[in-house]
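Input: a single structure, listed below in structure tokens.
A short reminder: the numbers here are calculations on the coordinates, not readings from a lab. Computed from a predicted model, the values in this text were never measured in an experiment. Cβ sites come from the backbone with ideal geometry, for glycine too, and all protein chains shown count toward neighbours.
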Protein chains: 2
Amino acid sequence: PSKIKHDIVDFAINIKSVAVHDPRRIAHSLKVALAITLVSITYFLEPFYNIFSDAGIWAIITVAMVFEYTVGATLSKGLNRAFATLLAGALGLGADSFASLFGQTVKPIILGFFVFLIVALATFSRFIPNIKKRYDYGMSIFMLTFILVSVSGSRVDSIIKLAHQRLTAIVFGGVIGILISLCVLPVWAGEGLHKLIVKNLEELAKFLEGFGGVYYRISNGDKLFFDSYKSVLNSKATDEQSLANSAWWEIGHGKFQFRHPWTKYLEIGDCTRQCAYHIEALNGYLEEKYAPSEFQETVKEPCMKMSSEVGKALKELGSSMKLMICPSSSYIHIKNCKIAIEELNTTLKVSMVADRCDVLEAIPVIAATSILVEIIACVETMSKAIEELSK
Amino acid sequence: PSKIKHDIVDFAINIKSVAVHDPRRIAHSLKVALAITLVSITYFLEPFYNIFSDAGIWAIITVAMVFEYTVGATLSKGLNRAFATLLAGALGLGADSFASLFGQTVKPIILGFFVFLIVALATFSRFIPNIKKRYDYGMSIFMLTFILVSVSGSRVDSIIKLAHQRLTAIVFGGVIGILISLCVLPVWAGEGLHKLIVKNLEELAKFLEGFGGVYYRISNGDKLFFDSYKSVLNSKATDEQSLANSAWWEIGHGKFQFRHPWTKYLEIGDCTRQCAYHIEALNGYLEEKYAPSEFQETVKEPCMKMSSEVGKALKELGSSMKLMICPSSSYIHIKNCKIAIEELNTTLKVSMVADRCDVLEAIPVIAATSILVEIIACVETMSKAIEELSK
């Protein structure tokens, strides 16, 4: 019993964290409920029922299936559904009248053959990457509608009327869904992607700006503050991919125009993840066993400079992306980084030859600084992508 | 016109590559077409039509919606759909009879309130990670069925009969879908995950075994052979995640039992990706500008040993995973790696102190060997996970 109680408490905490993490999720749940309740009313009220008849449930099904968290995803599913229904409906009617030419006995066989053919083709097409990316839902609805129309044709008297009612109902449901998603507290996929990428850049900048200080035990480095880069490691490429896919469908909103170059964001996202992996490796060199050595002290100046300058460059890139302006000073910071790399190489050369230093002390320092050099290269790539984006 | 022709040719090549990449996709398309055509026949034949009446279309909808590429995904959607329909149907009937107690005028208001409540709760629950992972589709069907049943209640005379027919049709469609997915050339998600992870291990092993030779310009290193690790970089964590989610539903098949520890595979998958990122960094040191230097020659022996031994360890881990036996000799190879690391450190120490070597030549060599050390640590983690898996 105490285990069950424990499980229930856990579950409640889990639910609370889902809501606290993004309160718009509650708003979304209420929006969906509102949209569906609105459409259900059409089934209760006589004037609407006279228009749609029993096809009214298709308006409800449409809202329930089409309403997604972001505006873009809702638009994508709504438009996919509407066009797929229209196209498949027309094709289905055509197949039905073609099959009717051969008399009632042969008709089911011909229709069955068409169904087999269309289903096989549609299912296969969903494996093609470009179709999968944008029209996957449309393909599945196309297939389903074609089957329903051509199969119902043999049982329903006035198939044209049925098709007309159902299409009207689906368009009605789709429009209600899209309008509510668009007008009531809209959640934009594009804006979400933009904020996510900016946040990731800022997290990485925070680590790099602080790294030098912690590496030389000047500052202690807030643990929490320091683990922030891990969220970038865990941020999934697919989340960004699906946001970018949804954003493709969105009309202009806020600072973003229709057909904003969202794929550029994916490139920048990949760079930040790559950078986070390097940082993960760098983080290992903050462990106690690599406590400041004499050798480490000799390269203190260039090393501190590299980490703080690359951090500043990233910060500048993040804030210029946030404001959607061309980064102005990141170029200088990256240049400073490169000067620091030169300094580092000179210092290393001098100190190692002169001091006959302990080489076992030197190895982790050289390894750590090499990672910093890689991070700088990574940030330079990012900077180019962000510059292109701001054009 | 030549552009259009070009586009068409491109598209055809695209389609062909989709089929060639995995010919089972063609089989899958034919399987779906077969299942749907079979179920459609129930709509044409009188004896079946007498059982299902118009609810027969729900059998078709069910097959079309539930049939997925892998057995596990089909089982997951089929079971989700069946149980969600059953539960929501019962709840909907309950809500309908409860609302009927208050007379015909108040009834729609009470039903509307229930619909609002259930939709809001169900939509919110889909944000909870554990529910999203396994019951996302079930939740959406639960919501939809509840709405359909409680809304139809006000329009249909014999709601019990309708609910019964529809449930029978859905179970019939689900069973047909699952049976065909299971019996005709089944594609197992679990087996797919297993093969994917083993393949990734083998790709990494190939690179590491060959690395030493190419680094010292002993062998040329087939370019194609060497880029193989890139497929691991591009293999997405989410593909593995979704395969593991589907595999959770699968009954025992081949060498895998029901409830095989699929989550362990995800851990190993993360390790391989981590390792591939290190290899990406290591690959940079194969460039021309790091052509063999004098200093590099001094650490040749331990360096060659590290790369070949870690490669052998990975190969052994891959093949023991493939055969699902406990890795026997990987332990020895990892131990050899560690001995080589000691040797490397000693050699570095001696050579740097004795020769007053060129430190600029030494830095990339130390950096590259540090990455090798990190890879060895990574493989050790992997080896532990694979050992646990084999128990």
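Karplus-based coupling profile of the stretch B:12-17, in residue order and whole Hz: 5, 4, 4, 4, 4, 5, with θ = phi - 60° in 6.51 cos²θ - 1.76 cosθ + 1.60 and x standing for Gly or Pro.
Note on B:THR238 and A:ASP54: their simple-model spin labels are 4.0 nm apart, each label 7 Å out from Cα toward Cβ. Residues considered: A:ILE57, A:ILE131, A:ILE268. Largest GNM mean-square fluctuation over chain A, using C-alpha springs under 10 Å, is found at A:ILE131.
Partner shielding of A:367-376 amounts to 3, given as the average count of beta-carbon atoms from other chains within 10 Å of each residue beta-carbon. Helix B:159-183 and the longest principal axis of the Cα set of chain B meet at an angle near 30°. Cα centroids of the stretch B:264-333 and the stretch A:101-159: 51 Å apart.
In order along the stretch B:245-250, the Karplus-derived 3J(HN,Hα) couplings, from 6.51 cos²θ - 1.76 cosθ + 1.60 at θ = phi - 60°, round to 4, 5, 4, 4, 8, 7 Hz, and Gly and Pro are given as x. Modelled label positions at B:GLU387 and B:ILE332, each set 7 Å beyond Cα in the direction of Cβ, lie 1.6 nm from each other. With the label put 7 angstrom out from Cα along the Cα-to-Cβ vector, A:ILE15 ends up 5.0 nm from the copy partners, going from closest to farthest. Packing order of peptides A:23-36, A:71-84, A:190-203, highest average first: A:71-84, A:190-203, A:23-36 (average count of other Cβ atoms within 10 Å over each peptide's residues).
Per-residue mean of foreign Cβ neighbours for A:318-331 is 0 (Cβ atoms of other chains, 10 Å radius).
Of the Cα atoms belonging to the stretch B:73-120, the radius of gyration and Dmax stand at 13.9, 44 Å. The mean number of partner chain beta-carbon atoms within 10 angstrom of a residue's beta-carbon across peptide B:29-39 is 6.
Note on B:SER219 and A:ASP7: with the Förster distance fixed at 51 Å, the Cβ-Cβ geometry gives a FRET efficiency of about 0.30.
Reported to the nearest whole Å, the Cα centre-to-centre distance from the stretch B:40-54 to the stretch B:78-95 is 23. In chain A, the longest principal axis of the Cα atoms and the axis of helix A:189-215 are about 20 degrees apart.
Each other copy holds its own label point for A:THR381; taking that point as 7 Å from Cα along Cα to Cβ, the gaps run 2.1 nm, nearest first. Radius of gyration (Cα atoms) of the protein assembly as shown, expressed as a multiple of 2.2 N^0.38 Å: 1.12.
Structure remark: mean-square fluctuation, Gaussian network model of chain A, C-alpha springs under 10 Å; the largest value among A:PHE211, A:PHE116, A:PHE142 belongs to A:PHE116.
Among B:ILE178, B:ILE375, B:ILE332, the largest mean-square fluctuation in a Gaussian network model of chain B (Cα springs under 10 Å) belongs to B:ILE332. Selection among A:TRP249, B:LEU45, B:VAL171 by position relative to the dipole of the protein assembly as shown gives B:LEU45 as farthest towards the positive end (Cβ unit charges, Cα centre). Going down the table (A:LYS199/B:LYS77; A:LYS255/A:LYS305; A:LYS133/A:LYS161; A:LYS236/A:LYS384), which pairs top 32 Å between alpha carbons? From the list (A:LYS199/B:LYS77; A:LYS255/A:LYS305; A:LYS133/A:LYS161; A:LYS236/A:LYS384), the Cα-Cα distance tops 32 Å for A:LYS199/B:LYS77; A:LYS255/A:LYS305; A:LYS133/A:LYS161.
Take the Cα of A:SER319, go 7 Å toward its beta carbon, and none of the backbone nitrogen atoms of the stretch A:369-383 fall under 15 Å from that spot. Taking other residues whose beta carbon is less than 13 angstrom from the beta carbon of B:HIS333, and scoring Lys, Arg as +1 and Asp, Glu as -1, yields +1. Based on DSSP H segments of at least four residues, each scored -39500 (n - 2.57), chain A has a per-residue ellipticity at 222 nm of -27500 deg cm²/dmol.
For the stretch B:173-190, backbone nitrogen atoms closer than 17 Å to the point 7 Å from B:LYS264 Cα along Cα-to-C-beta are found at B:190. Label point of B:GLU288 (7 Å along Cα→beta-carbon): distances to the other copies' equivalent points are 4.9 nm, sorted ascending. Remark: the A:ILE26-A:THR105 segment gains 22.9 nm on full extension, using 0.36 nm per residue and subtracting the alpha carbon distance.
Bridgeable aspartates and glutamates around A:LYS206 (alpha carbons under 12 Å apart, same-chain partners fewer than 8 residues away excluded): A:ASP222, A:ASP227, A:GLU309, A:GLU316.
With a Förster radius of 35 Å, plug the Cβ-Cβ distance of A:LEU185 and A:GLU287 into 1/(1 + (r/R0)^6) and report the FRET value to the nearest 0.05. So the FRET efficiency works out to roughly 0.15.
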